[in-house]
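What follows is a short report on a single structure.
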Amino acid sequence: MNDLFGSFACAKKELRPYQVEAIRLIKQSFGKGLKRVVCQMPTGAGKTLTAAKIIEGALAKGNRVIFTAPAISLIDQT
């Protein structure tokens with residue numbers, strides 16, 4: 001699956017400070033042993049980009065990842 005991500009030629013986007021903080025808090029929650037963590041952000045806050053950065057980090061560590069959405073139209077937006 002890594003080949004799927006490598007086939008896209010797009011510029012890397014830099015995270016905004018609140019996105020970096022969200023990732024830090026998510027990692028902190030997992031570090032405390034929590035298994036079901038929810039991150040909520042308003043429309044346009046960059047949830048997809050934040051999720052992509054988390055996925056990128058997990059893949060870099062050799063972990064497996066699955067990304068789901070409740071509707072196909074949301075996958076198309078992603």
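Considering only the stretch 63-78, I want to know if a residue exists there that is of a type in the set (Asp, Glu) and over 10 Å from the mean Cα position of the chain (by Cα).
For the stretch 63-78, residues of a type in the set (Asp, Glu) and over 10 Å from the mean Cα position of the chain (by Cα): present.
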*What residue, among those in the stretch 60-76 that are among the aliphatic types (A, V, I, L, M) and open to solvent by 50 Å² or more (accessible area, probe 1.4 Å), is nearest to residue 13 (Cα to Cα)?*
60
*Among 25, 34, which is touching a Cys at 6+ places or on another chain (Cβ under 9 Å), loosely packed, with under 13 Cβ neighbours inside 10 Å and of a type outside the set (Asp, Glu)?*
25
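The rows are residues; the columns are (1) within 23 Å of residue 78 (Cα to Cα); (2) at pLDDT 95 or above; (3) out of contact with any helix residue (DSSP H, G or I) (no Cβ under 9 Å at 6 or more places or on another chain).
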position	(1), (2), (3)
19	yes, yes, no
22	yes, yes, no
26	yes, yes, no
30	no, no, yes
33	no, yes, yes
36	yes, no, yes
41	yes, yes, no
53	yes, yes, no
58	yes, no, yes
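The values are calculated or read from the model by the stated rules, or taken from the named source; none is laboratory data. Since we're looking at a predicted model, the values are computed, not measured. All Cβ positions, even for glycine, are placed from backbone atoms using ideal geometry, and neighbour counts span all protein chains on display. With ligands, DNA and RNA removed, areas are computed over all heavy atoms of the protein, side chains included. Shrake-Rupley method; radii C 1.70, N 1.55, O 1.52, S 1.80 Å.
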